[in-house]
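The values are calculated or read from the model by the stated rules, or taken from the named source; none is laboratory data. Source: prediction; values computed, not measured. Note that we place each Cβ from the backbone using ideal geometry, even for glycine, and neighbour counts take in every protein chain shown.
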Amino acid sequence: MTVPGSWYLVLSALLFSLGALGFFTRRNILIMFMSLELMLNAVNLTFVTFSRMLGDIGGQTLVFFVLVVAAAEVVVGLGIIMAIFRRRSSATADDLSIFRG
Amino acid sequence: MLLPLAGSVFNMAFGKRLKRPFAGVIASLVVVASFALAVVAWLGLLGKPSGQRVYDFTLFNWISSGNLHLNVGAYLDPLSITMILFVTGISALIHVYSIGYMGHDERFSSFFVYLNLFVFAMLVLVLSDNFVFTFLGWEGVGATSYWLIAFWFERPTAAAAGKKAFIVNRIGDFGYLTAMFLLFTNLGSLSYGKVFGSVGQLSHTTVIAIAILFFVGAVGKSAQLPLFVWLVDAMEGPTPVSALIHAATMVTAGVYLMARVSPILHLTAGVGTLIAYVGVITAFVAAMAATSQTDIKKVLAYSTVSQLGYMFLGIGTGQYVAAIFLMVTHAFYKALLFLGAGSVIHGMHDEQNIKRMGALGKLMPATAVTFILAWLSIAGLPPFSGFWSKGDVLAGAYQSSVILWVIGALTAILTAYYMGREVYLVFFGQRRFDPTVKVHESPKVMLIPLYVLATLSVIGGALNLPISDKFRFLENWLTPVFGNALAQSTISSSARFALGAADGVFALIGIGFAWSLWVKSSSRPAVEPAFLAAGWGIDGFYDRVIARSSTRMSQFFTDVIEVKVVDGATMSVASLVGLLGKYVRKVQSGYIRNYALYISIGALVILGYFVTRAGA
């Protein structure tokens, strides 16, 4: 049987909401970071779904770019998080308000 | 041409390390070498038939932009070679003289750097084959003149005089530049050959405008009315500088320019008349002012202005050869007068007031004799050089208008008078200086240039003797350059002789007056009124009307416009941004979740916009 495209869209919407919820409610930076990745991949799923539904390869191409950029972003983000860990051995996002204007 | 530049660069680099006289010796040697080269070039030109005496080198392409193509090149014709011969010749003599005169100065080598640089700029000016390159030299001599006037910049008056010379010259440069622009927009070229080949295409008004603007340039450079004030102040510079720049060479650049653009001037008779009148009135006004000066150099400065007026009289009446002839002989005797005055100042230990001299003839015999020869020459006594050259100019003036001739003749009497006054006050009469001052004759290195120049002043007239056409060497030499721009002489030889005799009589009258008034007495307030001593008050007038009002305007701008308007505008913009920032900074809390919230709100707004628009 073929799974209808709308299911994929619903799944990705659920994943995105889960990520957003996690991002807003959790205080640990690492968890927030994972939620962010979840949201990104939810969007990727939407792209691929629409690409299949509309027969347009453009959506899938875009996913590659998102993946590449996400990989790079993970490297930088994790690097920053590691540095923060070393300095203050905690990863609570609310402690980091030194950039307050 | 490049030799003085090389000398200047060399002295700039190593001058400080060299022992005292060597910087001067090197500087003098390069100028002597350029003189030798000029002689070689002259002999080369002499070998050609008279119609084709032109060397036109193009060294390299300098600027090429749109229609503008400028070459760096040299244009050697009888006119420029005449200039070069006397410029380098006199420069060489003055360089040698300076070795003695500046002997005690701390910045001995930098003096020669400037002097060499000046000679280089002057050669650029004279040799260039286009207007722009000439302008480069024109500005170059202006800049070096500024440095040299203000050479003793520790004295505030010298620094101010330098500035004044520079600023007044700017007015003239404006004329030159504008004339150049006009030529380029109308003819599309600035090289001498092309411009003079096609001046006929210009409309009459354009020609007049260009001629007048070039004349404005020349008026600034050659210190004519109404821009002559800078030259008198320029006497603050060292005396060899006054001799070289402000008597013999740079100030004649204006005359040279006028002679160069003779094909343009030829097309407009009216401008010629204007030039002639400006020249002769300047000559008269400056000669009057010279009668009341007490500074030995200021008499000579006014005298230079006056003589330059004669040259412009020659230019204006179409007597280009006479003007150039006067320029050359004037260079001889005026350089000699200045160097003689320098010798006196040197020997008197920096005394410049002629009222505190007197009876120096016995103490400084060599200086006195050469100075007197120069005096007789400038006074126009036959057979000295000044007689012949001034005679040519005055004969030309007589031919074109009797009024010009009368003013010129009056000036000739005044010239003989004020120079006589100076000679009697300095070298004759009572000794009026402090007896403790040890007056000494100058060293040989200063006297030799005086001897050479004295010889030239005496025999310089032989360049262009009006006895028969064969003896008019300079005229035969220069005629191909000016062609039909040159006014033909229509005076009969007997009239010419009468005019010459009259010139001699004028000289005698002037000298006689000076003798009767000044040989016994040193103070005659009746014949030296204060307003003449102040140069007719023209300088004071400029100071009150132009300098002070512009100072006041600048003051107004700094105090009111600058503070209230300019500062006000910038400061209020700055404080506005600051105020805005004060509120906006609160948005940046430092909490990531706040930022995330803002992003989501933004995303929702955008989403909402698309949803509602899609619905609509």
I'd like to know if region B:336-354 contains one or more residues that are buried (at least 24 other Cβ atoms within 10 Å of the Cβ), within 20 Å of B:Gly461 (Cβ to Cβ), out of contact with any strand residue (DSSP E or B) (no Cβ under 7 Å at 6 or more places or on another chain) and β-branched (Val, Ile, Thr).
no
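Yes or no: B:Ala454 surrounded by 21 or more Cβ atoms within 10 Å (Cβ to Cβ) and touching a Gly at 6+ places or on another chain (Cβ under 7 Å)?
No, not satisfied.
Determine which member of the set A:Ser12, A:Ser35 is free of Cβ contacts under 8 Å to residues at least 24 places away in the same chain and not β-branched (Val, Ile, Thr). Lay out the reasoning, then the answer.
Numbers: A:Ser12 fails: free of Cβ contacts under 8 Å to residues at least 24 places away in the same chain.
Sole residue among the options that is free of Cβ contacts under 8 Å to residues at least 24 places away in the same chain and not β-branched (Val, Ile, Thr): A:Ser35.
Is it true that some residue in region B:306-320 is part of a helix (DSSP H, G or I) and surrounded by fewer than 24 Cβ atoms within 10 Å (Cβ to Cβ)?
From region B:306-320, those part of a helix (DSSP H, G or I) are B:306-316, B:320; that's our starting set.
From what is left, the residues that are surrounded by fewer than 24 Cβ atoms within 10 Å (Cβ to Cβ) are none.
For region B:306-320, residues part of a helix (DSSP H, G or I) and surrounded by fewer than 24 Cβ atoms within 10 Å (Cβ to Cβ): absent.
Give, as residue ranges, the helices (runs of 4 or more DSSP H) completely inside region B:538-605 that count at least 2 residues that are in contact (Cβ under 8 Å) with a residue 12 or more places away in the chain and either within 14 Å of another protein chain (Cβ to nearest Cβ) or closer than 30 Å to B:Ala223 by Cβ (or both). Give the steps one after another, and end with the answer.
On the way: elements: B:538-542, B:548-556, B:567-584.
By residue number, B:538-542.
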Of all residues in region B:563-585, which are loosely packed, with under 10 Cβ neighbours inside 10 Å and closer than 30 Å to A:Met32 by Cα?
B:Tyr583
Say whether the condition of being at pLDDT 75 or above, assigned to a helix (DSSP H, G or I) and within 30 Å of B:Gly358 (Cα to Cα) is met by at least one residue in region B:485-504.
yes
Filter result (within 11 Å of chain B (Cβ to nearest Cβ), over 18 Å from A:Val74 (Cβ atoms) and aromatic (Phe, Trp, Tyr)) within region A:24-54
A:Phe24
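Name the single residue that is surrounded by the fewest Cβ atoms within 10 Å (Cβ to Cβ) among those in region B:396-420 being over 26 Å from the mean Cα position of the chain (by Cα) and in contact (Cβ under 8 Å) with a residue 12 or more places away in the chain.
To start, the set of residues in region B:396-420 that are over 26 Å from the mean Cα position of the chain (by Cα) comprises B:398-403, B:406.
Going one step further and asking which of them are in contact (Cβ under 8 Å) with a residue 12 or more places away in the chain, we end up with B:398-401.
Values: B:Tyr398: 21, B:Gln399: 21, B:Ser400: 20, B:Ser401: 16.
Checking each candidate, the answer is B:Ser401.
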Which of the following residues is surrounded by fewer than 16 Cβ atoms within 10 Å (Cβ to Cβ) and part of a helix (DSSP H, G or I): B:Gly200, B:Gly162?
B:Gly200
Determine whether A:Ser51 is surrounded by 15 or more Cβ atoms within 10 Å (Cβ to Cβ), among the small types (Gly, Ala, Ser) and more than 21 Å from B:Ala603 (Cβ to Cβ).
yes
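Let me confirm something: among B:Leu274, B:Leu225, which residue is surrounded by fewer than 24 Cβ atoms within 10 Å (Cβ to Cβ) and outside any helix (DSSP H, G or I)?
Details: B:Leu274 fails: outside any helix (DSSP H, G or I).
Selected residue: B:Leu225, the only one of B:Leu274, B:Leu225 that is surrounded by fewer than 24 Cβ atoms within 10 Å (Cβ to Cβ) and outside any helix (DSSP H, G or I).
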Of all residues in region B:289-303, which are surrounded by fewer than 20 Cβ atoms within 10 Å (Cβ to Cβ) and not polar (S, T, N, Q)?
B:Asp295
Whether any residue in region B:164-178 is over 18 Å from B:Phe215 (Cα atoms) and out of contact with any helix residue (DSSP H, G or I) (no Cβ under 9 Å at 6 or more places or on another chain) is what I want to check.
no
